[in-house]
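The values are calculated or read from the model by the stated rules, or taken from the named source; none is laboratory data. Values in this document were obtained by computation on a predicted structure and should not be read as measured data. As a convention, Cβ positions derive from the backbone with ideal geometry for all residues, glycine included, and neighbour counts pool all protein chains shown. Only protein heavy atoms, including side chains, enter the accessible area calculation; ligands, DNA and RNA are left aside. Shrake-Rupley method; radii C 1.70, N 1.55, O 1.52, S 1.80 Å.
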Amino acid sequence: MTSYAEVIEYLYARLPMFTRDGASAIKKDIDNTILFCEKLDNPHQKFKSIHVAGTNGKGSTSHMLASVLASAGYKVGLYTSPHLLDFRERIRINGEMIAEETVVSFVNENREFIEHIAPSFFEVTVAMAFDYFAKQQVDISVIEVGLGGRLDSTNIIHPELCVITNIGMDHMNLLGDTLVEIAYEKAGIIKEKVPVVVSEKDPEVVSVFVEKATALQAPLRFASDELEVLGTQKNKKGLLVQMKNKAIGEPQSWQVDLAGGYQQKNLLGVLTALDVLRNQGWVLNEQDVKAGLQHVKENTGLQGRWQTLSEEPFIICDTGHNEDGVREVVKNLQRTLYKRLHVLIGAMRDKDLNHMLPQLPQEAIYYFCQPDMPRALPAMELKEKAAIFNLQGESYDSVQSALDTAKSQYESGDLIFIGGSNFVVAEVLRYF
């Protein structure tokens with residue numbers, strides 16, 4: 001294979017892919033990743049790392065940490081998933097995506113082995129990322145868990161630090177039907193004597209983390225025990241967060257270029273994680289932290305988090321796609337001024353709509369759509385489920401037609417919100 005397009009088509013067509021195929025693409029062990037990395041001479045053992053898990057916020061947290069470390073002068077790898085527009089978004093160094101030629105070379109060099117062990121799409125991308133970070137000799141990499149933690153392909157690393165953002169109800173068909181079961185899977189990234197930071201302290205699952213950390217002698221810190229948000233203010237630069245250190249009562253002010261109000265929760269975990277890294281000898285002064293937080297999007301390429309796509313018509317998108325994510329989206333909508341609300345929404349078949357849909361505002365005009373993805377729930381089915389919760393609107397056979405209709409019905413002062421799924425947001429980002 002000589003072209004990047006050819007290689008990507010090969011990966012998409014040949015390998016099981018969760019975002020396309022759902023649960024059938026998940027292999028509940030890390031054996032293939034271990035085999036692949038052994039074949040590559042264990043690249044994950046050649047660089048330092050931070051491992052980030054959680055139901056919501058792990059992507060934003062990973063990008064914030066990578067941005068701060070890069071602002072401090074370090075060469076920083078960043079592995080995240082899924083991508084929105086380009087496969088290469090998953091693998092970056094100091095914000096620069098892996099080169100197309102590097103992807104082509106990796107797949108060609110390892111094609112015979114790939115066809116021999118038949119890994120999933122995610123297993124191949126993890127091995128590719130680890131190989132790339134090792135060869136590029138990064139100072140440290142921030143590695144985001146794909147799904148869960150304990151059996152995730154990324155869980156072969158032995159990091160400097162583990163960060164777990166929060167625990168919520170998502171992927172219950174794979175991770176468990178209760179918060180405790182899901183927390184157990186997330187806690188699976190905790191390693192012996194490796195510090196762990198949990199951003200939010202939920203009484204229902206706190207014992208899971210305490211017991212696991214104690215058993216492994218892993219120093220455990222709950223960020224919400226140490227830092228308290230006093231208030232937030234949206235501004236043109238994003239979100240200004242006022243907080244205090246509970247131990248010394250010292251007030252702090254942090255500007256983040258990510259506008260979603262939920263970023264205040266992620267920020268608690270990020271600041272606590274940075275404190276752990278400082279204690280380990282990483283040089284991270286306050287000026288670097290502030291610069292990193294103020295330029296997350298510029299430094300890392302992050303998109304889709306309460307992102308304003310257009311001022312007129314006023315269009316905002318967000319990738320929140322589970323119960324807690326939708327709850328945070330609604331809070332942001334309540335803080336936003338508009339005359340009428342238009343909601344363009346799509347969902348995957350395996351989402352828990354009975355807990356997501358009741359949270360959405362009934363007074364909005366809905367445009368139910370189906371992203372171009374086999375796992376997507378047909379728009380008509382989504383419309384019928386939404387009607388049970390008094391959410392009214394029409395169904396559309398594509399994201400594009402839904403967006404065109406919403407824009408045609410838009411009047412000055414209205415807001416068009418786009419969400420429900422990463423894949424709806426991705427299609428709209430392509431349009432813009």
Calculated FRET efficiency for the pair Lys75/Glu115, C-beta based, R₀ 30 Å, to 0.05: 0.35
Heavy atoms of Asp257: accessible area, 1.4 Å probe, square angstrom to 10: 20 Å²
Amide H partners (placed H, <5 Å) of Leu309, local residues excluded: Ile315, Ile316, Cys317
Per-residue SASA entry for Glu192, accessible area with 1.4 Å probe, Å² rounded to 10: 110 Å²
Per-residue [θ]222 nm for the chain (sum of -39500 (n - 2.57) over DSSP H runs n ≥ 4, rounded to 500): -11500 deg cm²/dmol
Most mobile listed residue (Ile91, Ile140, Ile365) in the chain, GNM with C-alpha springs under 10 Å: Ile365
Fully extended contour minus Cα-Cα distance, from Gln45 to Tyr338, at 0.36 nm per residue: 100.4 nm
Spin-label zone in the stretch 316-346 - amide nitrogen under 14 Å from a point set 7 Å from the Cα of Phe432 along the C-beta vector: 316-320, 344
Stretch gain in nm, segment Ala247-Thr214, where the contour uses 0.36 nm per residue and the Cα spacing is subtracted: 9.6 nm
Accessible area (Å², per residue) of the stretch 4-294, counting only protein heavy atoms and a probe of 1.4 Å: 39 Å²
Förster radius 51 Å - calculated FRET efficiency between Glu192 and Ser105, Cβ distance, rounded to 0.05: 0.90
Average Cα contact separation per residue, the chain, under 8 Å, 6 or more apart, as relative contact order %: 16 percent
Antiparallel content of DSSP bridges confined to the chain, in %, to 5: 40 percent
Inverse mean reciprocal Cα-Cα distance (Kirkwood Rh) of the stretch 274-432, Å: 16.8 Å
The stretch 423-432 - phi-based ³J(HN,Hα) in whole Hz, Karplus 6.51/-1.76/1.60, Gly and Pro as x: 7, 5, 4, 4, 5, 6, 4, 4, 4, 7
Nitroxide proxy distance, nm - points 7 Å out along Cα→Cβ at Ser3 and Gln280: 4.3 nm
Options Thr272, Pro203, Gln45, ranked by Cα towards positive dipole end of the chain, top entry (Cβ charges): Thr272
By accessible area with a 1.4 Å probe, ligands and nucleic acids excluded, highest first: order of Met243, Met1: Met1, Met243
Portion, in percent, of the accessible area of the chain that falls on carbon or sulfur, probe 1.4 Å: 47 percent
Inter-label distance, nm, simple model (7 Å from Cα along the C-beta direction), Asn354/Glu228: 3.9 nm
All-pairs alpha carbon distance profile, the chain, 10 Å steps from 0, percent: 4, 22, 32, 28, 13, 2, 0
Spatially proximal lysines relative to Lys351 (Cα-Cα < 23 Å; intrachain offsets below 8 disregarded): Lys27, Lys28, Lys58, Lys186, Lys331, Lys383, Lys385
Spatial separation of Cα centroids for the stretch 34-107 and the stretch 336-380, in angstrom: 31 Å
Per-pair calculated FRET efficiency, R0 = 41 Å: Gln136 and Thr308 via Cβ, rounded to 0.05: 0.75
Net length gained if the chain between Asp404 and Asn390 were fully extended (0.36 nm per residue, minus Cα distance): 2.7 nm
Backbone HN-Hα couplings from phi across the stretch 358-372 [Karplus 6.51/-1.76/1.60, Hz, Gly and Pro as x]: x, 7, 6, x, 6, 7, 6, 9, 9, 10, 7, 9, 10, x, 6
Residue-level accessible surface for Met97, protein heavy atoms, 1.4 Å, Å²: 60 Å²
